[in-house]
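Novice: Just passing along the structure, written as structure tokens.
The values are calculated or read from the model by the stated rules, or taken from the named source; none is laboratory data. All figures in this text were calculated on a predicted structure; none of them were measured in a lab. Neighbour counts run over all protein chains shown; Cβ positions are idealised from the backbone, glycine included.
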Amino acid sequence: MNVKRILLASHDTAGARAAEAAAFDLCVKGGHIVHLIVVPDFWKGMRGDDWLNNAVTQDRFGKYVEDQLEREMVEHVGRVSEEAARREIDYRAVAKQGKPAACLLEAADEVDCDLIVIGSPRPKGMEGYRSRMDLDTLTRGIDSPVLIIPHPGQ
């Protein structure tokens with residue numbers, strides 16, 4: 001399968017990296033990948049335990065979390081961008097904050113794509129935050145084909 005325009009949703013976990021690899025393998029040289037990075041809405045307003053901190057400490061912690069998320073995103077985008085350049089694929093990153101399915105539906109409305117590529121959920125028992133894609137919301141609202149790549153731990 002050779003695809004010219006792909007919307008890739010990934011966030012730098014093992015499953016998301018599997019989706020990235022699949023998207024690169026599917027995309028033709030000279031094609032386009034729009035990379036959606038979703039910052040789940042549970043990060044919004046992250047300030048720490050209210051009863052342990054005063055307002056200044058909460059603001060500092062919130063700024064630290066935001067800075068850490070941004071550093072990780074910049075590193076992630078840099079890595080994916082380098083791979084796209086190596087493969088001669090046009091690449092653009094887009095970040096959205098909210099529920100993953102809603103953000104993906106919004107991005108799909110904004111991007112002209114032939115295929116959407118996402119990773120499957122992390123297997124039970126594996127550590128990490130569970131910002132799961134609501135597949136019911138996604139499948140009821142999506143107009144483009146979606147390819148779900150199995151998690152490498154399955």
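Novice: If I filter region 77-92 down to residues being part of a helix (DSSP H, G or I) and of a type in the set (Val, Ile, Thr), which single residue comes out as farthest from Gly30 (Cα to Cα)?
Specialist: This residue is Val77.
Novice: Related question: Where the second residue is modelled with pLDDT of 95 or more and of a type in the set (A, V, I, L, M) and the first is within 13 Å of Ala93 (Cα to Cα) and in a loop (DSSP other than H, G, I, E, B) and lies in region 103-118, which pairs have Cβ atoms under 7 Å and are six or more apart or on separate chains?
Specialist: So the pair list comes out as Val111/Leu7; Val111/Val34.
Novice: So, in region 104-134, of the ones that are over 15 Å from the mean Cα position of the chain (by Cα) and modelled with pLDDT under 90, which residue ends up farthest from Phe24 (Cα to Cα)?
Specialist: Restricting to residues being over 15 Å from the mean Cα position of the chain (by Cα) and modelled with pLDDT under 90, the top hit is Gly125.
Novice: To continue, here is another question. Could you list, in sequence order, the residues of region 13-65 that are of a type in the set (Asp, Glu) and at pLDDT 80 or above?
Specialist: Hits for region 13-65 are Glu20, Asp25.
Residue-wise test of (1) polar (S, T, N, Q); (2) closer than 14 Å to Ile148 by Cβ; (3) crowded, with 20+ Cβ neighbours inside 10 Å.
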site: Asn2; (1), (2), (3): yes, no, no
site: Ala9; (1), (2), (3): no, yes, yes
site: Gly15; (1), (2), (3): no, yes, yes
site: Ala18; (1), (2), (3): no, yes, yes
site: Cys27; (1), (2), (3): no, no, yes
site: Leu36; (1), (2), (3): no, no, yes
